[in-house]
1. Looking at Met65, Met61, can you tell me which residue is modelled with pLDDT under 95, surrounded by fewer than 12 Cβ atoms within 10 Å (Cβ to Cβ), within 13 Å of the chain's Cα centre (by Cα) and not small (Gly, Ala, Ser)?
2. Could you look through segment 26-39, keep only residues that are modelled with pLDDT of 90 or more and surrounded by fewer than 11 Cβ atoms within 10 Å (Cβ to Cβ), and pick out the one that is nearest to Met65 (Cα to Cα)?
3. Within segment 15-52, take every residue that is more than 21 Å from His63 (Cβ to Cβ) and hydroxyl-bearing (Ser, Thr, Tyr) and give me the one that is farthest from the chain's Cα centre (by Cα).
4. Looking at (1) surrounded by fewer than 10 Cβ atoms within 10 Å (Cβ to Cβ); (2) at pLDDT 95 or above, can you tell me which one His54 breaks?
Amino acid sequence: MDKDVLGGVDGLSLMLQIRDSLRMYNSLVERCFRDCVDTFLRKTLGKQEESCVHGCAEKFMKHSMRVGMRFAEINQGVATPD
């Protein structure tokens, strides 16, 4: 395969990974903010809001890791026929 074409494929793959990472981050921020932040009376989060955001982010990350692991398991099963 031509080096220019291969470089293009690698570059495209990297761009897709970055795009997906930013989408996941933005989704996390939007969801946790919407679910946890109630008022704008002060600059900082209250203890309850901070706890909610922490729990929300933790759940989101655990879910994302589990989905990724499951996806890898399925791909591995498809790649190696029994």
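The values are calculated or read from the model by the stated rules, or taken from the named source; none is laboratory data. Note that the structure is predicted; figures quoted are calculated from it, not measured. Using ideal geometry, Cβ is built from the backbone for each residue, glycine included, and neighbour counts are taken over all protein chains shown.
1. Sole residue among the options that is modelled with pLDDT under 95, surrounded by fewer than 12 Cβ atoms within 10 Å (Cβ to Cβ), within 13 Å of the chain's Cα centre (by Cα) and not small (Gly, Ala, Ser): Met65.
2. In this case the residue turns out to be Asn26.
3. Checked segment 15-52; the qualifying residue farthest from the chain's Cα centre (by Cα) is Thr39.
4. His54 satisfies all of (1) surrounded by fewer than 10 Cβ atoms within 10 Å (Cβ to Cβ); (2) at pLDDT 95 or above except (1).
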